[in-house]
Every structure is written in C-alpha cells, then in structure tokens.
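Every number here is computed from the coordinates shown, using simple stated rules; none is lab data. Keep in mind that this is a model prediction, so the values were computed, not measured. Using ideal geometry, Cβ is built from the backbone for each residue, glycine included, and neighbour counts are taken over all protein chains shown.
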Amino acid sequence: MKKIVILLILILSVSQSKPISPIYEIEANGTVSDMVLYKDELIIGTDRGVLQVYNHIENRFIKTITLPKIVDFIGDKLSAKIYSVDKIDSTYLILSNSGKSGYTNLSIYENNQTKQLISPKDKMIAMKARFIDSKYILLGLLGNEAILYDIESKKKIYQLSLGQSKFSDFALNEDRTQAIFACESGVLTLIDTKRGRIIRELKGQNVDNVYSVDIKKDIVVGAGQDRRGSIYSLSNDSGSYIEGSFLVYATALSPSANIVAFAMDEQNSIYIYKPQTKEQIAILSGQKSRLSSIIFQDEQTLFSSSDDDTIMVWNIKQ
C-alpha cells in the first residue's frame with residue numbers, strides 16, 4: 001500500500017510539472033508595451049503608437065487607434081511608444097512618450113475623438129496611468145510619485161512622494177480605492193487612491209528592484225530582480241517569497257487571489273502557484289521573449305505579453 005501511495009505522488013508530481021502550451025496566440029501590430037482587460041476587451045498598447053482592442057469572446061480586433069507621429073530631438077518623425085492603456089465606460093486612456101526631453105503625453109479617446117490632457121509643456125515624466133473612475137486618473141511618475149489627475153479641470157488633486165527610489169510599477173485593487181506601488185528599492189507602498197495618503201509599506205521579501213506588482217483581495221505579489229516572487233497577506237501582516245532561477249519579470253493574481261503567476265526562469269516560462277501554500281500548479285511554456293505582462297481573465301484563463309508582438313492565451317486546467 002505504501003509503495004502505491006508513493007507511486008501516485010510521483011505520478012501527480014510529474015503531471016503537474018509537465019509544461020502547458022498556449023491555446024492560441026494574438027498578433028499585435030508591434031511590440032506590446034501594455035495591456036489591460038476590460039469586460040470582453042483586451043486593450044493593447046504598442047511601441048508603434050497604436051492602441052488595439054481585441055474582443056476575446058469573438059476572437060477578433062474591433063478597434064484601432066493610431067497616435068500622430070512625434071518628432072525626436074534631431075527632428076526625425078517616429079512612432080510614439082505607448083506606455084499605458086486603459087478603459088472605463090466607453091473612454092480609452094493612452095499614455096505615451098512625446099519625443100521631447102522624456103516628457104509624456106496623456107490623452108483620452110471617446111466618441112471617435114482624442115482629447116489631450118497632458119503635453120510636454122507640463123514637464124511630466126509619467127510611466128503608468130490607470131482610470132480610478134470616469135473623473136480621475138492615477139499616474140505613476142518616474143521619480144516614484146503618485147498623482148491623482150482631474151480629467152475635467154486638467155489639474156492635480158494631489159502629488160504624493162513615495163520615496164527616493166525610481167518607480168517601477170503600480171496596480172489597483174478591485175474597486176480602485178487602493179494601489180500598490182513598486183520601486184527599485186524592493187519596498188512596496190500601499191496608498192489610498194482618493195485621499196492621497198500612504199496606508200502602509202510592505203518590505204523584507206524583495207531586496208532589489210520590483211518589476212511588477214498585483215493586488216487582489218488581501219494578497220499583494222511582487223516580481224523581483226532578486227529572483228524572488230514575493231507574497232504578502234494584508235490581513236495577517238505576513239510575507240514570504242518563492243525563489244526563481246532567473247529574474248522575475250512579471251506577476252499576476254487570479255480574481256479570487258487563490259492563484260498567482262510568476263515569470264521566473266530564463267526560458268520565460270510562467271509558473272503557477274497557490275499563494276497560501278506555495279504549491280506549484282502548472283508551468284506555462286512557449287513565450288518567445290522576456291515577459292512584461294500577465295493578466296488573469298478568470299481562475300483558469302490568462303493572457304501574457306512579452307517584448308515582441310505576440311500575446312499568448314493559456315488555460316492552466318487543460
């Protein structure tokens with residue numbers, strides 16, 4: 001009986017470690033720099049200055065928004081790299097470079113019209129942007145500052161300093177009332193997005209730059225340059241990490257926060273775990289280059305992008 005149990009454990013272990021291939025691929029029109037999921041739409045920003053909208057139910061592109069060319073410091077015209085995209089209601093958000101001293105452009109697109117909110121004259125270097133609601137946008141600045149921006153008045157509601165280290169990433173919780181910010185120090189900062197105040201700092205699990213973060217329910221995860229995938233529980237004030245074999249470039253939590261994904265080997269594989277127990281569930285293999293973004297649609301389907309024009313779609317329970 002004991003031998004049978006051991007054999008079953010070994011068989012289960014092998015089946016869990018067998019790599020899973022993507023179920024299909026989406027080809028964008030350039031290197032994917034950002035993507036978000038809004039209802040049935042996968043919204044994609046590329047380095048060619050194009051926002052593409054892909055309906056993942058109908059499996060087709062339904063909208064394309066192309067930014068005007070920008071002029072670089074020597075006078076050449078080139079495509080504007082999109083840093084961030086988002087959507088709320090029927091309005092799209094686009095954060096991109098301007099070609100002028102590193103300053104950024106921020107625009108919204110609705111009713112087939114583009115409205116510019118921030119231009120180079122504002123001298124702002126923002127790296128990421130997301131809607132808080134239909135009236136406000138949260139910005140993460142290169143200097144590790146958070147800005148809440150009023151769309152109607154085109155003014156800052158607050159500008160909050162989060163430390164001296166360079167900004168890396170931020171993620172919003174489900175109702176967008178809180179955001180977790182990451183920087184090159186390894187410290188994660190949880191803020192109140194409406195009031196512009198720091199709620200708490202999470203530290204000790206990453207000791208170097210955190211490339212990517214996510215927050216769902218009471219779980220926060222970080223993808224670190226120190227080869228650590230950090231996991232924090234806000235409810236019991238605890239933290240731990242999973243050791244990778246390479247730099248951990250990307251992470252994401254499922255909607256329930258019962259599953260976490262980390263990109264944590266040199267082959268750009270995505271490792272799927274249960275955050276509470278660190279049990280490995282699956283390995284997703286086939287990404288062509290360095291992973292940049294992972295998004296869960298539900299508890300078994302996820303999207304991933306990397307430094308190329310291919311978005312991969314996975315089912316971890318196939």
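A full extension of the chain between Asp150 and Lys121 corresponds to an added length of 8.7 nm, given 0.36 nm per residue minus the alpha carbon distance.
Below 8 Å, C-alpha to C-alpha, sequence gap of six or more: please give me the relative contact order for the chain in percent. Write down the numbers at each step before the final one.
Values: 873 pairs, mean separation 41.2, N = 318.
The normalised contact order for the chain reaches 13 percent.
What shape does the range 109-183 take by its C-alpha gyration tensor, where a ≥ b ≥ c are the square roots of the eigenvalues and a/c under 1.5 counts as rounded, a/b above b/c as prolate, and the rest as oblate? Cα axes put the range 109-183 in the oblate bin. For the range 16-123, GluC sites (Glu not before Pro) are listed when DSSP marks them as loop and at most 14 other Cβ atoms sit within 10 Å of their Cβ; the list is Glu58.
Mind checking the range 238-282 for GluC sites (Glu not before Pro) that DSSP puts in a loop (not H, G, I, E or B) and that have at most 11 other Cβ atoms within 10 Å?
Details: sites: Glu243, Glu266, Glu279; in loops: Glu266.
Those satisfying the criteria are Glu266.
Taking amide H as placed 1.01 Å from N in the peptide plane, Lys217 has its amide H under 5 Å from the amide H of Glu174, each at least 5 places away in sequence or on another chain.
Couplings 3J(HN,Hα) of the range 268-278, computed from phi: 6, 6, 10, 9, 10, 10, 8, x, 5, 10, 6 Hz, in residue order, whole Hz [Karplus 6.51 cos²θ - 1.76 cosθ + 1.60, θ = phi - 60°; x for Gly and Pro]. What longest region of the chain stays clear of chymotrypsin sites (Phe, Trp or Tyr not before Pro) that DSSP places outside H, G, I, E and B and that have at most 16 other Cβ atoms within 10 Å? Answer from the scan: 74-245. Students often get this wrong: which residues of the range 90-124 have the backbone nitrogen under 15 Å from the point 7 angstrom along Cα-to-C-beta of Val71? Those under the cut-off are 98-101, 120-121. Against the chain, whose longest principal axis comes from its Cα atoms, helix 2-17 is set at around 20 degrees.
Let me check against my output: what whole-number percent is the relative contact order of the range 110-252, with C-alpha pairs under 8 Å and at least 6 apart? This gives 14 percent for the range 110-252. Here the label points at Asp307 and Leu142, each 7 Å from Cα along the C-beta direction, are separated by 1.9 nm in the simple model.
Largest mean-square fluctuation among Leu190, Leu78, Leu253, in a Gaussian network model of the chain whose springs join Cα atoms under 10 Å apart, belongs to Leu78. Note on Ser101 and Glu58: their simple-model spin labels are 4.4 nm apart, each label 7 Å out from Cα toward Cβ. With distances taken between every two different alpha-carbon atoms, the chain has a Kirkwood hydrodynamic radius of 20.2 Å. Say R0 is 30 Å: what FRET efficiency, to the nearest 0.05, do Tyr38 and Ile281 get from their beta-carbon distance? Approximately 0.70, to the nearest 0.05.
Loop-located trypsin sites (Lys or Arg not before Pro) across the range 123-204 with a Cβ neighbour count of 15 or fewer within 10 Å are Lys123, Lys135, Lys154, Lys166, Arg195, Lys203, with loop assigned by DSSP. Within the straight-line cut-off of under 17 Å between alpha carbons, the lysines reachable from Lys166 are Lys128, Lys203, sequence neighbours fewer than 8 places apart in one chain being disregarded. Springs join every pair of Cα atoms under 10 Å in this Gaussian network model of the chain, and among Asp86, Asp298, Asp208 the largest mean-square fluctuation is at Asp298. A crude spin-label estimate for the pair Asp175 and Glu110, with each label 7 Å from Cα along the Cβ direction, gives 2.3 nm.
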